[in-house]
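Visitor: Quick one: structure below, then a few questions.
The values are calculated or read from the model by the stated rules, or taken from the named source; none is laboratory data. Keep in mind that this is a model prediction, so the values were computed, not measured. As a convention, Cβ positions derive from the backbone with ideal geometry for all residues, glycine included, and neighbour counts pool all protein chains shown.
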Amino acid sequence: MNAVLALRIVPPSGPLNGYVELPGSKSITNRALLLAALSEGVSHLTGALKSDDTLYMAAALRLLGVGIEEPTATSFVVTGSGRLAVSSEPLFLGNAGTAVRFLTAVAPYVPGEVVLNGDQHMQKRPIAPLVTALSSLGVEISAPTGCPPVTVQGKGHLSGGRVTIDAGLSSQYVSAVLMAAGRADAPVDVVLQGSGLDARGYVDLTVAAMKAFGGNVEQDGPMSWRVLPAPYRATDFRIEPDASAATYLWAAAVLTGGKIDIGLAPEAFSQPDAKAYEMIAQFPHMPAQIDGSQMQDAVPTLAVLAAFNATPVRFVGIHNLRVKECDRISAVSTELNRIRAGLAREEGDDLIVNGDPSLVGQSLPTRIETYSDHRIAMAFALAGLKISGITILNPACVGKTYPGYWDALRSLGVTLEG
C-alpha cells in the first residue's frame, strides 16, 4: 500500500452488504498498553489494534524496559516490573497524540532524562497545558515551542498533590495525568480549569481502564477527580472494537441503502464516537445542528455524509478539531468545496455543510488532499461511494488507526483503482 500514491473510488452499483470485522479501539489499546506497562506482572491484551499509533506506543515502552510480545495480529502480552528504565534513545512517536501525551505524563517514573518527539505534524500539536500541569506537581519538564519535543528529567517517582489542568485543547491531558497519578507517592486531586470538558467520554474510558488494572480513582465532582496511590495489577484485558472506525461503515450503509454487520450494536460501545450513530441513522434528514464536542473523531464522517443530506447541517462545539492531526475544520471545508464550490463554509469554529442530494450520481473528478490525516482519507472515501471521480491521495495514511480500511471496502464490493 505504501507504493500507492492515490486510490480512485468507483461508486458501487448497488447497496453495500456484508460483514466487516472492526479493528480494536485505538484509544483503549494505548491506555491498556500504558497501564499494563505500569503494572507488575504479565498482562494479556486481546482484541487490540495494531496500527501506527499503537505500534509507536509499544516501541517506546520497550525502550523504557517493558517486555512486549505480539503473539497474534490482535494481541499484546505485556510484562511489567512496575518500574520504567532509562531509554538509550529519544522516544519517537510519529503523530500519535495519545502516545506522546500519555508517555509524557509517566516519564517522571523514569530515573533519568526522557526526550519525547514526533514527526513534523506532531511538532505542531500543543502540549503546553500538560507541561504546565506536570510542572505544578514538581516535575522538571520543558517543551520550548509548546509542542513536542518534550524533555523530562525523571526522578523515578511522581509527587502527589493538587493539579489544575486546562483541557480546552484536549481531554488527553486529563487522561494522561490521571493514569500517571495512580502510581504517585501520595493522593492526587485533578481539577479542570474552565467550565467544561469536550470529549469527556474519553476520560470516562481512562477511568474505566484504570479501575480494570486496579487503580483507585473516583470522580470528586463534575470537574474533578481524586486518585489514591494503588499499584496497578497485571490483568487480562479485552479491548472493544473501534467506534470511530465503525462510523465509516455505518455511513457507508446508509449512503448506499445497504446493511453492514460489524458484530456489535451501536449502544454496546463504551466509546463516545458511537453516539454518531444517532445522527447517521437520521440520514437524509440529519439535524440542522450537530454538537460534535463529545464525538470529535466522528465529525469528518458526519460532515461528508451531510454533503448528501436533504438540508444544511451546522457543526458546533468542534474548535478542538483545529489541533488534531491537521486542522480538520479547514480540511473538511476545503475538500468539500474542492468537490463542488459552495458545499461547505467555516463560520468561526463552526462548520456548515450545505447538503445537496443531487450530488448523487454526478461525475465530479476530484483529487482529495488528505493532509496525512487518516480521518480525512477515510471520511472522503464515503463521497466516492455516490460521486464518480473521487480520488484519495496518500491512502496509506489510514494506517495510523485502521490499516485494513481499504480491504474492508473491497470486501463489501467497492472497486478501488490505483
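Visitor: Yes or no: Ser170 among the small types (Gly, Ala, Ser), in contact (Cβ under 8 Å) with a residue 60 or more places away in the chain and closer than 19 Å to Thr104 by Cβ?
Guide: The answer is yes for Ser170.
Visitor: Only one of Leu169, Leu130 is on the phi < 0 side of the Ramachandran plot and modelled with pLDDT under 95; which?
Guide: Just one listed residue meets the conditions, Leu169.
Visitor: Okay, moving on. Quick one: count up the residues across region 114-144 that are touching a Phe, Trp or Tyr at 6+ places or on another chain (Cβ under 9 Å), assigned to a strand (DSSP E or B) and surrounded by fewer than 23 Cβ atoms within 10 Å (Cβ to Cβ).
Guide: Going through region 114-144 one residue at a time, the tally reaches 1.
Visitor: Within region 1-35, count every residue that is over 18 Å from Ala379 (Cα atoms), surrounded by fewer than 24 Cβ atoms within 10 Å (Cβ to Cβ) and in contact with a strand residue (DSSP E or B) (Cβ under 7 Å, 6 or more places away or on another chain).
Guide: Residues flagged as over 18 Å from Ala379 (Cα atoms), surrounded by fewer than 24 Cβ atoms within 10 Å (Cβ to Cβ) and in contact with a strand residue (DSSP E or B) (Cβ under 7 Å, 6 or more places away or on another chain) within region 1-35 amount to 3.
Visitor: Can you tell me how many residues in region 87-113 are part of a helix (DSSP H, G or I) and of a type in the set (Ser, Thr, Tyr)?
Guide: The total comes to 3.
Visitor: I'd like to verify a number: residues in region 185-200 that are out of contact with any strand residue (DSSP E or B) (no Cβ under 6 Å at 6 or more places or on another chain), among the charged types (D, E, K, R) and more than 22 Å from His319 (Cα to Cα), how many?
Guide: Here the count works out to 1.
Visitor: Also, I was wondering about something else. Looking only at residues that are assigned to a helix (DSSP H, G or I) and out of contact with any helix residue (DSSP H, G or I) (no Cβ under 6 Å at 6 or more places or on another chain) in region 36-57, which one is surrounded by the most Cβ atoms within 10 Å (Cβ to Cβ)?
Guide: Residue satisfying both the conditions and the ranking: Ala36.
Visitor: Taking region 164-205, which residues are closer than 13 Å to Leu134 by Cβ and crowded, with 19+ Cβ neighbours inside 10 Å?
Guide: Passing the criteria: Ile165, Tyr173, Val174, Ala176, Val177, Leu178, Met179, Ala180, Ala181, Ala184, Val188, Val190.
Visitor: Still on this structure: Of all residues in region 232-290, which are over 19 Å from the mean Cα position of the chain (by Cα), among the polar types (S, T, N, Q) and within 30 Å of Leu38 (Cα to Cα)?
Guide: Scanning region 232-290 gives a single hit, Thr235.
Visitor: Given the conditions (1) of a type in the set (Val, Ile, Thr); (2) buried (at least 22 other Cβ atoms within 10 Å of the Cβ); (3) over 15 Å from Asn30 (Cα atoms), report the number of the one that Val100 does not fulfil.
Guide: Only one criterion is unmet by Val100, namely (3).
Visitor: Another question, if that's okay. Please verify whether Ala303 is modelled with pLDDT of 95 or more, under 18 Å from Ser244 (Cβ atoms) and under 19 Å from the mean Cα position of the chain (by Cα), treating the condition exactly as stated.
Guide: yes
Visitor: Using the structure shown, decide if Leu55 is assigned by TED's automatic domain parsing to the domain that holds Thr151, of a type outside the set (Ser, Thr, Tyr) and touching a strand residue (DSSP E or B) at 6+ places or on another chain (Cβ under 9 Å).
Guide: On the way: assigned by TED's automatic domain parsing to the domain that holds Thr151: yes; of a type outside the set (Ser, Thr, Tyr): yes; touching a strand residue (DSSP E or B) at 6+ places or on another chain (Cβ under 9 Å): no.
Taking the combined requirement at face value, the residue does not satisfy it.
Visitor: For region 61-78, which residues satisfy the criterion of being within 24 Å of Pro90 (Cα to Cα) and either of a type in the set (A, V, I, L, M, F, W, C) or not assigned by TED's automatic domain parsing to the domain that holds Ala105 (or both)?
Guide: Hits for region 61-78 are Leu61, Leu63, Leu64, Val66, Ile68, Phe76, Val77, Val78.
Visitor: How many residues does region 73-92 hold that are under 15 Å from Phe237 (Cβ atoms) and surrounded by fewer than 22 Cβ atoms within 10 Å (Cβ to Cβ)?
Guide: Final tally of qualifying residues: 4.
Visitor: Going through region 145-160 one residue at a time, which ones are in contact (Cβ under 8 Å) with a residue 24 or more places away in the chain and assigned to a loop (DSSP other than H, G, I, E, B)?
Guide: Cys147, Pro148, Pro149, Gly154, Lys155, Gly156, His157, Leu158, Ser159, Gly160
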